[in-house]
Amino acid sequence: MTFSPETAADLAPRILAGERRALARAITLVESGRADHRAQATALLDRLGTAKKALRIGLSGTPGVGKSTFIESFGMMLVGQGHRVAVLAVDPSSARSGGSILGDKTRMERLSREPAAFIRPSPSQAQLGGVARRTREAVSLCEAAGFDVVLIETVGVGQSETLVAEMTDLFILLMAPAGGDELQGVKRGIMEMADMILVNKADGDLKPAALRTMADYAGALRLLRRRPQDPEGFPKAVAVSALAEEGLKTAWEDMQALAAWRRAQGHFDRRRAEQARHWFETEVREGLLARLVTDPAIRARMQALGSAVAAGQTAPAVAAAEMLAALQR
Ligand SMILES: Nc1nc2c(ncn2[C@@H]2O[C@H](COP(=O)(O)OP(=O)(O)O)[C@@H](O)[C@H]2O)c(=O)[nH]1
Ligand SMILES: [Mg+2]
């Protein structure tokens, strides 16, 4: 795709007007690794500002638990209530599998046809670091386009859950009905990140198992250390059926109640501020590291100093100090 130099100036008003095609184009722009595209992306983000805010909800769960089905039903319910819903995906595995969103698109058939919804699959061939930047910039773009709920879906792979938790206001874990022994399989770290656990598939034959599993998780959550950002009763476990569209309204009410409490107590804004600072620092750090690789002069200097150190001509600390001084110029 080509982007003319006036891309930022052209796209900004269209995004602010809520035009989905402009939004999609802008996300393609922030996904691009090209230096000129990066400059345009930054210019665009600068133009759009940070005034508009959505409720950012992270949703995680192992493949097959029903994330896509849930997003479809939950998203349709939100749209029905007058919300504008954006769905983004963080899927590190799609880099290898070539994109698992193909199956997802068919499960989000109704939502993808809704004018008030925007669904963006995760790009293939992205490093997790690149995914982080691309996703948080995509979130800003969706907010600028007036989407007031942004759902970020991720599979429970590697660091992707932590990453999504670091860019969302609420972190929801979707679980399948299971026997009591399987409960042990959930990593403690992930339980500690969850604001709510939704036990999905509470329908038909699976309903009794789902209710038992919900009670098990509720018990496990009560054993965790109380976090300052939680009101009484949270984190909580509830049973839902994405397929039968049951329990979704209650789950949404719980999410809203939690968000409202955190807003009133100042936790909400504090967390946003911490996240913004975190991503700023990450960006600077990554930018500096990238220069070691992309800047030919810096690379040559690294090579030369590295050889001098290896040959015993210069002490590592001395060479490093020289290198860091070179980076400041
Ligand atoms: N019984 C039942 N099946 C469900 C429910 N939600 C999803 N499924 C089924 O579980 C399978 C995986 O769902 P999917 O949404 O693709 O899971 P994902 O991999 O987490 O995105 C599909 O066959 C769905 O029809 C539910 O609430 N109840
Ligand atoms: Mg899916």
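The values are calculated or read from the model by the stated rules, or taken from the named source; none is laboratory data. Remember, it's a predicted structure, so these values are computed and weren't measured experimentally. Please note: Cβ atoms are built from the backbone with ideal geometry, for glycine as well, and neighbour counts cover all protein chains shown. Accessible surface is based on the protein model in full, side chains and every heavy atom, while ligands, DNA and RNA are left aside. Shrake-Rupley method; radii C 1.70, N 1.55, O 1.52, S 1.80 Å.
Couple of notes before you dig in:
- Checking each residue in the stretch 240-291 for being on the phi > 0 side of the Ramachandran plot and without any contact (Cβ under 8 Å) to a residue 12 or more places away in the chain picks out only Gly266.
- Restricting the stretch 54-87 to residues that are in a helix (DSSP H, G or I) and more than 15 Å from ligand 2 (Cβ to nearest atom), the residue that is surrounded by the fewest Cβ atoms within 10 Å (Cβ to Cβ) is Gly80.
- Filtered residue count, the stretch 225-245, keeping only those that are within 15 Å of Leu173 (Cβ to Cβ), assigned to a loop (DSSP other than H, G, I, E, B) and not charged (D, E, K, R): 4
- Counting only residues that are more than 9 Å from ligand 1 (Cβ to nearest atom) and either closer than 15 Å to Ser241 by Cβ or under 17 Å from the mean Cα position of the chain (by Cα) (or both), the stretch 60-86 holds 7 of them.
- Among the conditions (1) open to solvent by 80 Å² or more (accessible area, probe 1.4 Å); (2) free of Cβ contacts under 8 Å to residues at least 60 places away in the same chain, the only one that Met214 does not satisfy is (1).
- Screening Ala43 with (1) free of Cβ contacts under 8 Å to residues at least 40 places away in the same chain; (2) closer than 18 Å to Cys142 by Cβ; (3) part of a helix (DSSP H, G or I) gives one miss only, at (2).
- First in the stretch 101-124 and part of a strand (DSSP E or B) and open to solvent by less than 30 Å² (accessible area, probe 1.4 Å), second anywhere and at pLDDT 70 or above and away from ligand 1 (no atom under 15 Å from the Cβ), Cβ under 7 Å, 6 or more apart: Ala117/Val79; Ala117/Val85; Phe118/Arg20; Phe118/Leu23; Phe118/Ala86; Phe118/Cys142; Phe118/Phe147
- With respect to (1) closer than 29 Å to Met175 by Cβ; (2) open to solvent by less than 40 Å² (accessible area, probe 1.4 Å), the lone exception for Ala319 is condition (1).
- Of the criteria (1) touching a strand residue (DSSP E or B) at 6+ places or on another chain (Cβ under 8 Å); (2) part of a loop (DSSP other than H, G, I, E, B); (3) more than 16 Å from ligand 2 (Cβ to nearest atom), which one Ala51 fails: (1)
- Candidates Ala237, Ala202: the one that is under 24 Å from the mean Cα position of the chain (by Cα) and more than 16 Å from ligand 2 (Cβ to nearest atom) is Ala237.
- Leu198 vs. criteria open to solvent by less than 20 Å² (accessible area, probe 1.4 Å) and either touching a His at 6+ places or on another chain (Cβ under 7 Å) or more than 27 Å from Val30 (Cβ to Cβ) (or both): yes
- Residue selected from the stretch 152-173 under the condition closer than 16 Å to Leu78 by Cβ and more than 8 Å from the chain's Cα centre (by Cα), by the criterion surrounded by the fewest Cβ atoms within 10 Å (Cβ to Cβ): Leu170
- Only a single criterion out of (1) away from ligand 1 (no atom under 16 Å from the Cβ); (2) in a helix (DSSP H, G or I); (3) in contact with a helix residue (DSSP H, G or I) (Cβ under 7 Å, 6 or more places away or on another chain) is not satisfied by Ala273, namely (3).
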